[in-house]
Amino acid sequence: MRRLGGGVEDEEKWLAEGIAGIQHNAFFMHRALDANNLREVLKYSALMLSELRTSKLSPQRYYDLYMRAFDQLRQLEIFFKDESRHGLPVVDLYELVQHAGNILPRMYLLCTVGSVYIKSKQAPSKDVLKDLVEMCRGVQHPIRGLFLRSYLAQVSRDKLPEIGSDYEGDANTVMDAVEFVLQNFTEMNKLWVRIQHQGPGTVRERQEKERNELRDLVGKNLHVLGQIEGVDLDMYKETVLPRILEQVVNGKDELAQYYLMECIIQVFPDEYHLQTLETLLAACTQLMPTVDTKIVLTQLMDRLSNYAASSPDVLHEFLQVEAFAKLNNAIGKVIDTQLEMPIVGAMTLFVSLLTFALRVHPDRLDYVDQVLGACVVKLSSVPKLEDARAMKQVVALLSAPLEKYNDIVTALTLSNYPRVMDHLDDGTNKVMAMLIIQSIMKNNSCISTADKVEVLFELIKGLIKDLDGNATEELDEEDFQEEQNSVARLINMLDNEEPEEMIKIIYVVRKHIMTGGTRRLPFTIPPLVFSALRLVRQLESQSGDITGEDVQATPRRIFQILNQTIEVLSSVPRPELALRLYLQCAEAASDCDLEPVAYEFFTQAFILYEEEIADSKAQVTAIHLIVGTLQRINVFGVENRDTLTHKATGYSARLLKKPDQCRAVYACSHLFWVDDDDLDGIKDGERALLCLRRALRIANAAQQMANATRGSSGPVTLFVEILNKYIYFYEKGNPHITPSDIQSLIELINTEMQSDNNNGNTRRTHSDPFFTSTLRYIRFQKQKGGLIGDKYDLIKL
Amino acid sequence: MNYLLGAFKPACNVSITFTDGKNRKQVPIKKDNGQTVMNPLFQSQETIAGKVIIEPYQGKKVEHNGVKVELLGQIEMYFDRGNFYDFTSLVRELDVPGDIYERKTYPFEFPTVEMPYDTYNGVNVRLRYVLKVTVTRGYSGSIVEYQEFMVRNYAPPPPINNSIKMEVGIEDCLHIEFEYNKSKYHLKDVILGKIYFLLVRIKMKNMDLEIRRRESTGAGANTHVETETLAKFELMDGTPVRGESIPVRLFLAPYDLTPTHRNINNKFSVKYYLNLVLVDEEDRRYFKQQEITLYRLKADTSSV
């Protein structure tokens, strides 16, 4: 270990010296080769190989040196092969090279001659191989030993007595080949593991690095084993695997165990793994506690999963060996025994196991549930999941069934699914909930029973309500809206043809979203309401079919619920929204011929209007909504209707701004004149006219106020609008609207406009084109002739 | 010039040849001056026969008081230089005193010679076999010629050859158990075994297996012990963990080994040990030594 103090520069120097030494001796060796002088050849080749005896180089540089010697040894091998050049039978040569005093050159030469010896077939290859692998024991220095043995592996690779090779037969069986490789592997592994025990602990890190650089030398043996022709399952099961695992386990070395397990999994065929699953898994549980068993297991499961996916024919094999049960068992054991394994590790394992279960046993939901159950147990044992990576794994775990089955419905039958979700933190829980919703959206899956809805909402409760009272947490408003919009969309996805079930669904949804708090309700209630209304319409369309006392799904009951639901909104407070919903309900109720219900909704809406809606703009909007709805509803009796219209007009007149008043009031005129084909429809022309007149008055007042302050052209617009209403009702045949009324209004507008201009206000206002168009419309109607034309002819422009 | 030199030259050229010299195996041996020469190889109970050729130089005659050939087995201690100890001495008289005028060939034969010990060339001691031809002369000094030859004796595989197994350790620091498959190895053998680590609390750099030769010469107070490490073979690189077992496979052939010699003629012993050495990162060495017996197996015909 003299290289402790040596820096990189020194190493470069030593390497250069080593290379120079090799080249120097190789030169003389070549001269001797040319002269066919065996004695000299042996002398200089031994000298050349002596350069490999250095202890000063790191593995990487040693490899450099080794490769140079390796090239030279190829030349030597060619010479050895040709007996006519050196004149010695190969068996004598085999002895002769063993006279070399130093072990390392001796062994390199012996391996080289050995390979020639096997090729000559003068001795059974198994004997030669056995001898070589045994004699190599003399080199116990880890790095030198590893390289020597890797040289042996290399020169012997094409000379193993495997099935189909020239060297197989008689006494040489594939077993001998396996035995040889296994032994070489065993020894290399021991050497490799030993590096860590060299030198003081301070250089540990560098040693780890060096060992990593060397690991492929060891792993190569496993590759060879994997490639040997004729290693059948029995042999693998009885000999190869147990021997390898014995090494792995007994090596008690973290790096080696991890790497070798990885190698085993990668190198040997899938079906072998499957058949030896028990052994392999048993080994996994015996690894050092620091070994990252989860990656090993994960790889194994991934491989098996892919194998299962590769062809349906192999699936029965999985069943035969009870692959799932075994894996599940092993993972349980690993998690139990490796207490210090971070939670993320356990989660990764579960994800792999789940993937495996999904791929191999897509029909066995109980397996999936079992995995999730185990996951719950594990999660319960830790206080609270805070590791972000672990969280990610859990999300992956939960997403896997969704992706596999493309159907949340399946996931909903997994009893442990929500319990796993409980262990997520709020943020992740939401992410997961979003994933679930997205999955539903994507697949357009319909959740059609109340039970499932119940479970589903339990799953996504992170979105439905604040968890654990940490509502103070700052949320990104945009994200929040996004989430709630998703929930809203989800609510719309819930559907069942059967009203009875649908009403149950609605009950469930309602129960859940009511817990959502003031911020969520405005998002969640509307879809619920509309969902309910849809049901109402459905009931209505098949009305008569349903009878019976205890029928839940009657429109009346639904409206009752809706009433209560919307009421919550008003206290949120989102009165405008509540008002809109009330009106929607009222209209729906009207369609169902439920007058008292509709009336009740209107009452609610009016109360809201009076008590909660204070903003003038909101009031304007509300009034127009109310008027619009009221106008369309035809269920009310005269008395109720009067009350409501009276109220509405009253509200209109009391709006804050004159123009708003004016517009509201002329809108109210429609309440008295509903233009439909219904004969007994409301056609109260007088009161409509009254409304218009009132609007006109208000417009006048507004005009005067505007004159006082100057500059506002609004009132003219109002006049034009009112004119349009006049024309509308006139055209519809309201007897109380006379052509003279229209004419005087036109004149009024003209005057107003002129006075406006006289006042020096030459600016063109937007009411001009509006007015002009209105006039043009009248002229146009005149020219039409017929009934309408006659009517319009009465209006003089 | 030639004439002058010729005056100091011996009067004749003596050479010794073995009967089957052409076919007999030759093995190299290192001389004192570092050169390697090839010598014929024999073993105990063999008949050593050949010819001694005496060839006087042109126109000279060799007067002598007799010609003899001796077969000597000698032990030479380096710290007691020049003092040979002959443990075997056989003589053949080849000629009675007389004159030699021309090239003369004397066949000789030592039938089934007892040569119990191997030729050995150690750090402090040498054991050698030699044929010595002496042309005895009166005043002008005898003419002596040597011809060395090698002797190697073979042993059958030992009937009892237990493994070596032992647990050793330093309390609370390092406990190992090692096992070598045999306690007696022939020279081209392979040592197989394993080192099993029961407890490891030190950081190790490497572990070697050494073959050591312990040569002790003399006796009593004059005993000289010399230990050489003939092989250093790395068994392990780096620190093992408890429960690890490291294989041992050491081929003896490449090393220059001799059989174990125990108390050769009361003069010297050569023993071999396996020394297991662990070196920690502070370069401290922990070791355990075990004697092994080496022998030469008959079947062994390699050229070393």
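The values are calculated or read from the model by the stated rules, or taken from the named source; none is laboratory data. These figures come from a predicted structure and were not determined experimentally. Neighbour counts are summed over all protein chains in view; Cβ atoms, including those assigned to glycine, are modelled from backbone coordinates with ideal geometry. Surface areas here come from the heavy atoms of the whole protein model, side chains and all, with no ligands, DNA or RNA. Shrake-Rupley method; radii C 1.70, N 1.55, O 1.52, S 1.80 Å.
Checking each residue in region A:433-447 for being crowded, with 17+ Cβ neighbours inside 10 Å and more than 14 Å from A:A411 (Cβ to Cβ) picks out only A:M434. The set of residues from region A:703-742 being surrounded by fewer than 15 Cβ atoms within 10 Å (Cβ to Cβ) and modelled with pLDDT under 75 comprises A:A708, A:T709, A:R710, A:G711. In the set (1) touching a helix residue (DSSP H, G or I) at 6+ places or on another chain (Cβ under 8 Å); (2) modelled with pLDDT of 75 or more; (3) in a loop (DSSP other than H, G, I, E, B), A:D363 fails one condition alone, (1).
All of (1) part of a helix (DSSP H, G or I); (2) within 14 Å of another protein chain (Cβ to nearest Cβ); (3) in contact (Cβ under 8 Å) with a residue 24 or more places away in the chain hold for A:K56 with one exception: (1). Among residues of region A:720-740 that are on the phi > 0 side of the Ramachandran plot and free of Cβ contacts under 8 Å to residues at least 40 places away in the same chain, those with a Cβ under 9 angstrom from a residue that is open to solvent by 50 Å² or more (accessible area, probe 1.4 Å) and in a helix (DSSP H, G or I), sequence gap 6+ or separate chain, pair up as A:G733/A:K791.
Every test in (1) surrounded by fewer than 18 Cβ atoms within 10 Å (Cβ to Cβ); (2) modelled with pLDDT of 80 or more is passed by A:N758 save one, and that test is (2).
The condition (being among the acidic types (D, E), in a helix (DSSP H, G or I), surrounded by fewer than 17 Cβ atoms within 10 Å (Cβ to Cβ) and without any contact (Cβ under 8 Å) to a residue 40 or more places away in the chain) is satisfied by just one residue among A:D64, A:D71: A:D71.
Of the numbered criteria (1) aromatic (F, W, Y); (2) away from chain B (no Cβ under 14 Å); (3) buried (at least 24 other Cβ atoms within 10 Å of the Cβ); (4) within 30 Å of A:V193 (Cβ to Cβ), the one A:F80 fails is (4). Of all residues in region A:628-656, those satisfying the criterion of being in a loop (DSSP other than H, G, I, E, B) and surrounded by 15 or more Cβ atoms within 10 Å (Cβ to Cβ) are A:I633, A:N634, A:V635, A:F636, A:L655. Looking across A:T524, A:T518, one residue alone is over 15 Å from A:L456 (Cβ atoms), among the β-branched types (V, I, T) and out of contact with any strand residue (DSSP E or B) (no Cβ under 8 Å at 6 or more places or on another chain). It is A:T518. Listed by first and then second residue, the pairs with beta-carbon distance under 6 Å, at least 6 apart or on different chains, first residue in region A:168-179 and free of Cβ contacts under 8 Å to residues at least 60 places away in the same chain, second surrounded by fewer than 16 Cβ atoms within 10 Å (Cβ to Cβ), form an empty list. Region A:282-342 holds helices (runs of 4 or more DSSP H) entirely within its bounds, and those carrying 2 or more residues that are over 24 Å from A:L379 (Cβ atoms) and open to solvent by 60 Å² or more (accessible area, probe 1.4 Å) map to A:293-310, A:315-320. Listed conditions (1) surrounded by fewer than 19 Cβ atoms within 10 Å (Cβ to Cβ); (2) touching a His at 6+ places or on another chain (Cβ under 7 Å); (3) at pLDDT 80 or above are all met by A:G685, apart from (3). Looking only at region B:277-292, decide whether some residue is surrounded by 17 or more Cβ atoms within 10 Å (Cβ to Cβ), under 30 Å from B:Y85 (Cα atoms) and touching a residue at least 12 places away in the same chain (Cβ under 8 Å). Yes. Note on region A:207-227: residues that are touching a residue at least 24 places away in the same chain (Cβ under 8 Å) and either of a type in the set (D, E, K, R) or open to solvent by 10 Å² or more (accessible area, probe 1.4 Å) (or both) amount to 11. Selection within region B:117-169: residues that are of a type in the set (S, T, N, Q) and outside any loop (DSSP other than H, G, I, E, B). The member of this set that is farthest from B:V14 (Cα to Cα) is B:N121. Criterion first (under 26 Å from B:V125 (Cα atoms), touching a residue at least 24 places away in the same chain (Cβ under 8 Å) and either surrounded by 18 or more Cβ atoms within 10 Å (Cβ to Cβ) or in contact with a His (Cβ under 7 Å, 6 or more places away or on another chain) (or both)) does B:H186 satisfy it? Yes: the conditions hold for B:H186.
So for region B:49-64 (the condition being outside any strand (DSSP E or B), charged (D, E, K, R), open to solvent by 20 Å² or more (accessible area, probe 1.4 Å) and modelled with pLDDT under 90), does at least one residue qualify? Yes. Within region A:24-47, residues that are crowded, with 16+ Cβ neighbours inside 10 Å have Cβ atoms under 7 Å from residues that are outside any helix (DSSP H, G or I) in these pairs: A:L38/A:L88; A:A46/A:A100, counting only partners at least 6 apart in sequence or on another chain.
A:H361 versus (1) closer than 23 Å to A:L260 by Cβ; (2) touching a residue at least 40 places away in the same chain (Cβ under 8 Å): which is the lone unmet condition? Unmet condition: (1). Residues that are away from chain A (no Cβ under 14 Å) number at least 1 in the following strands (runs of 3 or more DSSP E) confined to region B:170-270: B:174-180, B:184-186, B:190-200, B:204-217, B:224-237, B:261-264.
Out of the residues in region A:93-136 that are in a loop (DSSP other than H, G, I, E, B) and away from every other protein chain (no Cβ under 14 Å), which is most open to solvent (accessible area, probe 1.4 Å)?
Applying the filter and picking the extreme gives A:K121.
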